[in-house]
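Since the structure comes first, as structure tokens, the remarks are kept for the end.
The values are calculated or read from the model by the stated rules, or taken from the named source; none is laboratory data. Remember, predicted model here, so these are calculated numbers, not experimental data. Glycine gets a Cβ as well: all are built from the backbone with ideal geometry, and neighbour counts include every protein chain shown.
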Amino acid sequence: MDAELTALLRADLLAAGYTVDRLRQLWGDEADAALARGDRVPAGRALRAIDESPAATLARLFVLGETVDDTALARALPALGTAGARALGLVDAGGRALLDLRPYTAIDAGGAVQWLVASDLGELALGGALPPDHVLGVGGASLTLAALIPTEPVDSVLDLGTGCGIQSLHAARHARRVVATDISARALERAALTLALNAVDAVELRQGDLFAPVAGERFDRIVSNPPFVITPRRAGVPVYEYRDGGRVGDAIVEQVVRGAAEHLTPGGTAHLLGNWEYHDAMGGDGLARVRRWIDEAGLDGWVVERERQSPAEYAATWIRDGGTRVGSPEYEQLAAEWLDDFAARGVTAVGFGYVVLRRPVGPDAVRLLRTEVLGSPLGGTPTGIGDHLLAGLRAHDRIAALDDAELETLRLEVAPDVTEERHYWPGEENPTVIRLRQGGGFARTIDADAALAGLVGASDGDLTVGEIVGALADLLEVDEGALRAQLLPQVRELVVTGLLSPATGSPAAG
Ligand SMILES: C[S@@+](CC[C@H](N)C(=O)[O-])C[C@H]1O[C@@H](n2cnc3c(N)ncnc32)[C@H](O)[C@@H]1O
């Protein structure tokens, strides 16, 4: 990649005001929504009506995949010029883009960012199925993983399977140095352009399979949206490098989990997305398998299952993702391969979710091996879940170190994002249902009885847990010992999930 030409391209893109907000302003909200559905027609019509704007030309070329003539190209990239654009491999002789180049915006604890991301042209611009070596742009899974990266600063980060480089951009905001790996040389080329266009130089790119490029090295944080899609190893089934790591079933997720143990510094954490299979034949469930991988690797782990699909749903999701229309003969052929593979390996369902791992600091640390199935869908891309889970790990450390007698001496506070919902039969004085709702984090909903709701309601940092339990036992006229046995484990759970926290100044406060 020519550094001088890339710098000219960067200057042109910045001068054109090629940002997410500017494009939305140019094509309008309806076209924006249509694009999100994979329909480029409204955006194309809007942009052609104003094509003297450099940002409009750039979007037609690099987002919509339209052909642009040399006059318009020269106007849109005045510093780089048409010859420079061709030398950089941005456009072909006929004025068609050879890659996808689009603005991206995000907000995290460090504030808002505006970046430029290079990847391969997608289905919408290509007008057909993707080639096997396609380099994926920023998709829903990328945004989810970005939200799973904590914002607490660390020294070093490994971005495993960097693709277009999006996670490295995020990771570099909170790290002194980042090593980004990928098996695909093409992906690394795109990532290099992404990093150069954003003047991010703390990222080192290395090519190779999984952890091979970082053998013997350890990092404070590992982030990965690995190529976890389960693909039948059968002739005729397309293999996409961006989503398929070349292993059988969910073995790639197992390898990433186990491999993390060799590459984390003590206390270091890994933040991953993954799929896990449920196997009848093994008599266990998918989450139990992930838990076993983590346990055997000697790591702490918190696994959150966001979704579970049947084999048929899973096959349909990923066959469609490759650009094959449901109901077409190709679809039916592929679906049969997928279902045969699942049946042959005894797979009854596939879970999807988040995995956070931590290398324990020392042999005395109380291990955390937690699996959780989200009760309610998150609704859209989650935000801030990396920081939330990190806070959960720390809360676990504090609370697990206390025995029940010590726990009773704590003063707790209910988190400001917790609300309570009560449902009554008409005319009844006592609620039939009490629910505690978490506003942030995983937006958990907890069914509570009068005792738990009373304890949470009284947790304002004034009384200790023990005092509240005693008062509730009197009020509810129940045995205090039995109430303590019920409530103390529930208190531990609410502290780990962030609904309660030790009051400032109390011994276990963070
Ligand atoms: C799902 S994409 C994730 C891209 C990007 N990190 C993101 O979050 O959008 C997975 C990436 O892993 C890469 N990959 C596939 N097989 C791999 C392997 N065996 N070792 C390392 N990387 C691999 C692919 O080339 C692809 O870039």
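When GLY111, GLY94 are checked against the criterion of being away from the ligand (no atom under 16 Å from the Cβ) and without any contact (Cβ under 8 Å) to a residue 24 or more places away in the chain, GLY111 stands alone in meeting it. Being over 24 Å from THR151 (Cα atoms), at pLDDT below 95, β-branched (Val, Ile, Thr) and not assigned by TED's automatic domain parsing to the domain that holds ALA36, is that true of even one residue in segment 382-389? Among the residues of segment 382-389, not one is over 24 Å from THR151 (Cα atoms), at pLDDT below 95, β-branched (Val, Ile, Thr) and not assigned by TED's automatic domain parsing to the domain that holds ALA36, which makes the answer no.
Per the listing ALA312, ALA365, ALA336, ALA349, the residue uniquely part of a helix (DSSP H, G or I), touching a helix residue (DSSP H, G or I) at 6+ places or on another chain (Cβ under 8 Å) and either at pLDDT below 95 or not charged (D, E, K, R) (or both) is ALA312.
Out of ALA109, ALA49, ALA72, which single residue is out of contact with any Gly (no Cβ under 6 Å at 6 or more places or on another chain) and surrounded by 13 or more Cβ atoms within 10 Å (Cβ to Cβ)?
On the way: ALA109 fails: surrounded by 13 or more Cβ atoms within 10 Å (Cβ to Cβ); ALA49 fails: surrounded by 13 or more Cβ atoms within 10 Å (Cβ to Cβ).
Only one candidate qualifies: ALA72.
Restricting the first member to segment 225-245 and to residues that are within 20 Å of ALA270 (Cβ to Cβ) and modelled with pLDDT under 85, and the second to residues that are assigned to a loop (DSSP other than H, G, I, E, B) and near the ligand (Cβ under 8 Å from one of its atoms), the beta-carbon pairs closer than 7 Å and six or more apart or on different chains are GLY245/PRO226; GLY245/PRO227. Residues that are near the ligand (Cβ under 6 Å from one of its atoms), in contact with a Phe, Trp or Tyr (Cβ under 8 Å, 6 or more places away or on another chain) and either part of a strand (DSSP E or B) or not assigned by TED's automatic domain parsing to the domain that holds LEU9 (or both): does segment 156-167 have at least one? Yes: segment 156-167 contains one or more residues that are near the ligand (Cβ under 6 Å from one of its atoms), in contact with a Phe, Trp or Tyr (Cβ under 8 Å, 6 or more places away or on another chain) and either part of a strand (DSSP E or B) or not assigned by TED's automatic domain parsing to the domain that holds LEU9 (or both).
The test for being at pLDDT below 95, among the acidic types (Asp, Glu) and either within 27 Å of ARG367 (Cα to Cα) or not assigned by TED's automatic domain parsing to the domain that holds VAL304 (or both) holds for GLU429. The numbered conditions (1) among the hydrophobic types (A, V, I, L, M, F, W, C); (2) buried (at least 20 other Cβ atoms within 10 Å of the Cβ); (3) at pLDDT 95 or above; (4) assigned to a loop (DSSP other than H, G, I, E, B) are all true for VAL200 except (2).
The numbered conditions (1) in contact (Cβ under 8 Å) with a residue 24 or more places away in the chain; (2) within 16 Å of the ligand (Cβ to nearest atom); (3) assigned to a helix (DSSP H, G or I); (4) under 30 Å from ASP387 (Cβ atoms) are all true for THR317 except (1).
Restricting ARG345, ARG422 to residues that are basic (Lys, Arg) and outside the structural domain of PHE219 (by TED's automatic domain parsing) narrows the list to ARG422. Looking across segment 295-316, the residues that are surrounded by 15 or more Cβ atoms within 10 Å (Cβ to Cβ) and either under 18 Å from ARG234 (Cβ atoms) or β-branched (Val, Ile, Thr) (or both) come down to VAL303, VAL304, PRO311, TYR314, ALA315, ALA316.
Inspection of segment 383-403 identifies at least one residue that is farther than 14 Å from ARG492 by Cα and part of a loop (DSSP other than H, G, I, E, B).
Regarding segment 138-146, can at least one residue be identified that is more than 10 Å from the ligand (Cβ to nearest atom) and of a type in the set (A, V, I, L, M, F, W, C)? Before the answer, list the steps.
So in segment 138-146, the residues more than 10 Å from the ligand (Cβ to nearest atom) come out as none.
No; the residues of segment 138-146 include none that is more than 10 Å from the ligand (Cβ to nearest atom) and of a type in the set (A, V, I, L, M, F, W, C).
In the set (1) within 13 Å of the ligand (Cβ to nearest atom); (2) crowded, with 24+ Cβ neighbours inside 10 Å; (3) in contact (Cβ under 8 Å) with a residue 40 or more places away in the chain; (4) under 30 Å from GLY111 (Cβ atoms), ALA270 fails one condition alone, (1).
From the list ASP29, ASP21, pick out the single residue that is assigned to a helix (DSSP H, G or I), in contact (Cβ under 8 Å) with a residue 24 or more places away in the chain and not assigned by TED's automatic domain parsing to the domain that holds GLN114. First the steps, then the outcome.
Values: ASP29 fails: in contact (Cβ under 8 Å) with a residue 24 or more places away in the chain.
When all the criteria are applied, what remains is ASP21.
Could you list, in sequence order, all residues of segment 279-291 that are at pLDDT 95 or above and not hydrophobic (A, V, I, L, M, F, W, C)? Result: ARG291, single match. Residues in segment 238-256 that are of a type in the set (Asp, Glu) and in a loop (DSSP other than H, G, I, E, B) were compared, and the one that is surrounded by the most Cβ atoms within 10 Å (Cβ to Cβ) is ASP250. For segment 455-504, filtering for residues that are within 12 Å of VAL414 (Cβ to Cβ), part of a helix (DSSP H, G or I) and more than 30 Å from the chain's Cα centre (by Cα) leaves 5.
Quick check on this structure: which one of ARG190, ARG221 is more than 28 Å from ALA3 (Cα to Cα) and touching a residue at least 60 places away in the same chain (Cβ under 8 Å)? When all the criteria are applied, what remains is ARG221. Annotation note: Cβ proximity below 7 Å between a residue of segment 252-265 that is within 14 Å of the ligand (Cβ to nearest atom) and a residue that is assigned to a helix (DSSP H, G or I) (sequence gap 6+ or interchain) occurs for GLU254/TRP293; HIS263/VAL214. Whenever a residue of segment 358-375 is under 23 Å from ILE149 (Cβ atoms), its partners that are of a type in the set (Val, Ile, Thr), lying with C-beta atoms within less than 6 angstrom and at least six residues away or across chains, give the pairs ARG358/THR269; THR371/VAL303; GLU372/VAL304. A residue that is more than 16 Å from GLN167 (Cβ to Cβ), outside any helix (DSSP H, G or I) and among the β-branched types (Val, Ile, Thr) occurs somewhere in segment 64-81. Selection of first residues in segment 164-176 that are within 12 Å of GLY386 (Cβ to Cβ) and of second residues that are of a type outside the set (A, V, I, L, M, F, W, C) and near the ligand (Cβ under 9 Å from one of its atoms), restricted to Cβ pairs under 9 Å at least 6 apart or on distinct chains, gives the following pairs, ordered by first then second residue: GLN167/SER142; GLN167/ASP159; GLN167/GLY161; GLN167/SER224; GLN167/ASN225; HIS170/ASP159; ALA171/ASP159.
Conditions tested, residue by residue: (1) outside any helix (DSSP H, G or I); (2) within 10 Å of the ligand (Cβ to nearest atom); (3) aromatic (Phe, Trp, Tyr).
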{"site": "ARG186", "(1), (2), (3)": "no, yes, no"}
{"site": "GLU189", "(1), (2), (3)": "no, no, no"}
{"site": "GLU204", "(1), (2), (3)": "yes, no, no"}
{"site": "LEU210", "(1), (2), (3)": "yes, yes, no"}
{"site": "ASP220", "(1), (2), (3)": "yes, no, no"}
{"site": "ARG233", "(1), (2), (3)": "yes, no, no"}
{"site": "GLY236", "(1), (2), (3)": "yes, no, no"}
